[in-house]
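Written out below as structure tokens is the structure these notes cover.
The values are calculated or read from the model by the stated rules, or taken from the named source; none is laboratory data. As the structure is a computational prediction, the values presented were derived from the model and not from experiment. Neighbour counts are summed over all protein chains in view; Cβ atoms, including those assigned to glycine, are modelled from backbone coordinates with ideal geometry. Just so you know, the surface numbers come from the protein's heavy atoms only, side chains and all, with ligands and any DNA or RNA stripped out. Shrake-Rupley method; radii C 1.70, N 1.55, O 1.52, S 1.80 Å.
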Amino acid sequence: MATDAKRPTDAAAAHMAVGAALEAQRQYEEALRHFRQASQAYRATGNRPARALALRRIGHAQYVEGDTGQARNTALQALGLAEQLRNSTEIAQSYAQLGEMYGQQGLWDRALASHERAYSEWQQASNLIGQAAALNDIGLTHFQLRHFSRALYYLNRALTEARQLSDSTRISEALASTGRVYDALGNYEVAQGFYGQALSQLPRATSPTRRAEGLRALSVAYDSVGNQPAAIEALRRALPLARQGGSAVQVSGLYQLLTSIYSRTGDFQNALRTQTQYTNLQDSAFVEQRTAQVAELRTRYETEKKEREIQLLTKDRQLQQVRLQRQLLVRNVLAAGALVLLMVVFALYRGRRRQLYNNQVLQQKNQAIEQQKEELGRLNRTKDTLFSIISHDLRSPLSSLYSLFSLMNMGTLPPERLATHSQRLTRTLDVTLRLLDNLLNWSASQMQGDKVRPEKVRLQPIIEEAMGLLAGDAERKCIAVFSDIPTLSTVRADLDMLRLVVRNLLGNAIKFTPTNGQVRISARQLEGQQLWEIAVADNGVGIAADDLPKIFGETGLHSTLGTALEKGAGLGLRLCKEFVERNGGSITCESQLGRGTTLRFTLPVAAPEIRPLVPVESATAVAV
């Protein structure tokens, strides 16, 4: 109605109200759209105080949505506008918002400075409610900085002012914050008293999630002073509130605390029941946490996508303006008639040159945008691969480790089964560590593009280093590892990439070689070519002909179990192929099922004079 009546100020106020309602329903994207429309309307009408408020609301929505960097920039814009207007209330709110953002990032010194400035502005505005809130924020910031005496001083002042105002919300906040300080100091009885008072002061409109969190803190205080029945009762009261709040992470944490208390008091039946509830909620809690992380990543991606779209729209508008200018120029010249024919020709020629130039500029920018699009696609595929490997290959060993520790804590695992589980878990974690090493190297190579630092490197020390690092794996399987590398074999390659390639190929050979087998590493210079060929051969299980095209991961990650049931993610050979090709070489594989495998890769020849290399661990051969 305000828009139809051409009343932009009322329309902007309506946008602000709709944005606030959407933000309360956690529809932050839609709320941002309305806040931005309100900000544009206030800017057009010259209403700077209202625009400062709109900018602050935009910053808060961006912050809650997870776009912390953009939220801080928007909050700084709102602060600058409020300072121009000398509006103490708006300045104080902007500083309080900045302090909260700095605290979320762990920048507590900056957060303290912002909250202190907010308190000063609230004093100038004579706003007692704002002063109480600022004092509570200052006390909590000192608590995070481990300044406990200062934290108690400011929290006591906040509590005094809140009681003078009879503001139950501020009273509850100050009491709960004071309880946190005493809890950190180890004075659990005093902390228990403050937590209990804080719960009694909570208004009726307080969210179930916040009430559940207060009961959880009270339970921990009861447990710390040895009052386990009271602690259990507080957690039982918190559980329905947490379920009402809808946070699987909070409900899972409450069940975990109950399990711990029941176990320590000897109530193993209830401990088993709550542990089962906790275990059943782990998937939901994991999904909730992962959903929040994915939402943040999606927000950043959508923000970048919108910026690209805005750039494209801007370029289209500029092109249309150029075309309109050229058409206007042609019309004016034609209207002048034959007397200005020379001027018309000159103007057409000039317009043609300008159009060609603009087309060239637009084409170059379109090419740059297309390259950026391809890069974003590549990074997105890298992200999907990382998430896939992390969710499938890393979660299992960590879950096994957690389950083992849970059984050990409950004291229900016999020693012989503990030894068996420990050996199996050790092998699993060893594979996981190697997977992480390959995963980090691969992700770094994907993020850094083609950054290769080639140098002159001798092959013999690199081979000896890899043999030394993998000697333990060879010894466990009684595998003999031999090296046949010429002393003066020198290549030109990136040292770190070459180390990783040799280590992965040798580790794969050991992995797929049975007990009492052999692995041999050799090198030769190809005739008539400036290339060294390095070969890693084993007499292991070999590779089926159908699987040979899959081993380098060109059609997707491929992995099989080793001879000792070693697991992998199929990332090692893919990383080897990528690193070898980046260094100007190639890699091939020859294999016969049941008779062994030979992997060969080439690298450019370099002059023999190089700086000495000190390997991590060297050995000419490992024969067991």
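Within the range 88-106, take every residue that is open to solvent by 60 Å² or more (accessible area, probe 1.4 Å) and under 21 Å from LEU155 (Cβ atoms) and give me the one that is modelled with the highest pLDDT. Only one residue tops the list, namely GLU100.
A quick yes/no check of all residues on (1) at pLDDT 85 or above; (2) open to solvent by 80 Å² or more (accessible area, probe 1.4 Å); (3) outside any helix (DSSP H, G or I); (4) touching a strand residue (DSSP E or B) at 6+ places or on another chain (Cβ under 9 Å):
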| residue | (1), (2), (3), (4) |
| --- | --- |
| THR314 | no, no, no, no |
| LEU329 | yes, no, no, no |
| ARG354 | yes, yes, no, no |
| LEU362 | yes, no, no, no |
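Residue-level analysis places ASP496 among those that are assigned to a helix (DSSP H, G or I), of a type in the set (Asp, Glu) and either modelled with pLDDT of 85 or more or open to solvent by 70 Å² or more (accessible area, probe 1.4 Å) (or both). Look at (1) within 22 Å of SER168 (Cα to Cα); (2) open to solvent by less than 20 Å² (accessible area, probe 1.4 Å) and you find that ILE129 fails only one, number (2). Within the range 286-293, not a single residue is out of contact with any His (no Cβ under 9 Å at 6 or more places or on another chain), open to solvent by 50 Å² or more (accessible area, probe 1.4 Å), part of a helix (DSSP H, G or I) and at pLDDT 80 or above. Within the range 181-204, residues that are within 18 Å of TYR154 (Cβ to Cβ) have Cβ atoms under 7 Å from residues that are of a type in the set (S, T, N, Q) in these pairs: PHE194/THR178; ALA198/SER172, counting only partners at least 6 apart in sequence or on another chain.
Residue check: is ILE58 farther than 18 Å from MET16 by Cβ, of a type in the set (A, V, I, L, M) and open to solvent by less than 50 Å² (accessible area, probe 1.4 Å)?
On the way: farther than 18 Å from MET16 by Cβ: no; of a type in the set (A, V, I, L, M): yes; open to solvent by less than 50 Å² (accessible area, probe 1.4 Å): yes.
Spelling it out, it is not the case that ILE58 is farther than 18 Å from MET16 by Cβ, of a type in the set (A, V, I, L, M) and open to solvent by less than 50 Å² (accessible area, probe 1.4 Å).
Evaluated against (1) closer than 20 Å to ARG600 by Cβ; (2) open to solvent by 30 Å² or more (accessible area, probe 1.4 Å); (3) out of contact with any Asp or Glu (no Cβ under 9 Å at 6 or more places or on another chain); (4) part of a helix (DSSP H, G or I), ILE463 falls short on exactly one condition, (2). The condition of being out of contact with any Pro (no Cβ under 9 Å at 6 or more places or on another chain) and under 26 Å from GLU121 (Cα atoms) holds for only one of GLY59, GLY66, that being GLY59.
Suppose we keep only residues that are assigned to a helix (DSSP H, G or I) and open to solvent by less than 40 Å² (accessible area, probe 1.4 Å) within the range 563-576. Which one would you say is modelled with the highest pLDDT? By that ranking, first place goes to CYS576. Surrounded by fewer than 21 Cβ atoms within 10 Å (Cβ to Cβ) and either in contact (Cβ under 8 Å) with a residue 60 or more places away in the chain or in a helix (DSSP H, G or I) (or both), is that true of SER522? Criteria not met by SER522.
Listed by first and then second residue, the pairs with beta-carbon distance under 6 Å, at least 6 apart or on different chains, first residue in the range 140-156 and under 20 Å from ALA96 (Cβ atoms) and open to solvent by less than 70 Å² (accessible area, probe 1.4 Å), second assigned to a helix (DSSP H, G or I) and basic (Lys, Arg), are HIS142/ARG150. For SER489, the conditions (1) more than 18 Å from ASN583 (Cβ to Cβ); (2) open to solvent by less than 10 Å² (accessible area, probe 1.4 Å); (3) without any contact (Cβ under 8 Å) to a residue 60 or more places away in the chain; (4) not aromatic (Phe, Trp, Tyr) are fulfilled apart from (1). Taking the range 248-275 as the range and being touching a helix residue (DSSP H, G or I) at 6+ places or on another chain (Cβ under 6 Å), open to solvent by 20 Å² or more (accessible area, probe 1.4 Å) and among the hydroxyl-bearing types (Ser, Thr, Tyr) as the test, the residues that pass are SER263, THR265. VAL622 passes every criterion in (1) at pLDDT below 85; (2) under 26 Å from SER489 (Cβ atoms); (3) in contact with a strand residue (DSSP E or B) (Cβ under 9 Å, 6 or more places away or on another chain); (4) open to solvent by 70 Å² or more (accessible area, probe 1.4 Å) apart from (4). Looking across the range 520-547, the residues that are at pLDDT 90 or above, touching a helix residue (DSSP H, G or I) at 6+ places or on another chain (Cβ under 8 Å) and under 14 Å from ILE510 (Cα atoms) come down to ILE521, VAL536, ALA537, ASP538. The residues on offer are THR490, THR513, and the sole one that is under 16 Å from ILE462 (Cβ atoms) and among the hydroxyl-bearing types (Ser, Thr, Tyr) is THR490.
Scanning the range 36-55 for residues that are in contact with an Asp or Glu (Cβ under 9 Å, 6 or more places away or on another chain), under 17 Å from ALA20 (Cα atoms) and either open to solvent by 20 Å² or more (accessible area, probe 1.4 Å) or of a type in the set (Asp, Glu) (or both) yields a count of 1.
Residues that are assigned to a helix (DSSP H, G or I) and surrounded by fewer than 18 Cβ atoms within 10 Å (Cβ to Cβ) were ranked within the range 15-35; the one that is farthest from the chain's Cα centre (by Cα) is ALA17.
Of the residues making up the range 77-87, those that are open to solvent by 30 Å² or more (accessible area, probe 1.4 Å) and under 19 Å from TYR119 (Cβ atoms) are GLU83, ARG86, ASN87.
The residue that is nearest to the chain's Cα centre (by Cα), counting only those in the range 157-179 that are open to solvent by 30 Å² or more (accessible area, probe 1.4 Å) and of a type in the set (A, V, I, L, M), is ALA176. Here LEU348, LEU334 are screened, and the one residue that is modelled with pLDDT of 85 or more, open to solvent by 80 Å² or more (accessible area, probe 1.4 Å) and of a type in the set (A, V, I, L, M) is LEU348.
Just one of the listed residues (ARG582, ARG600) is at pLDDT 85 or above, among the basic types (Lys, Arg) and within 16 Å of ILE463 (Cβ to Cβ), and it is ARG600.
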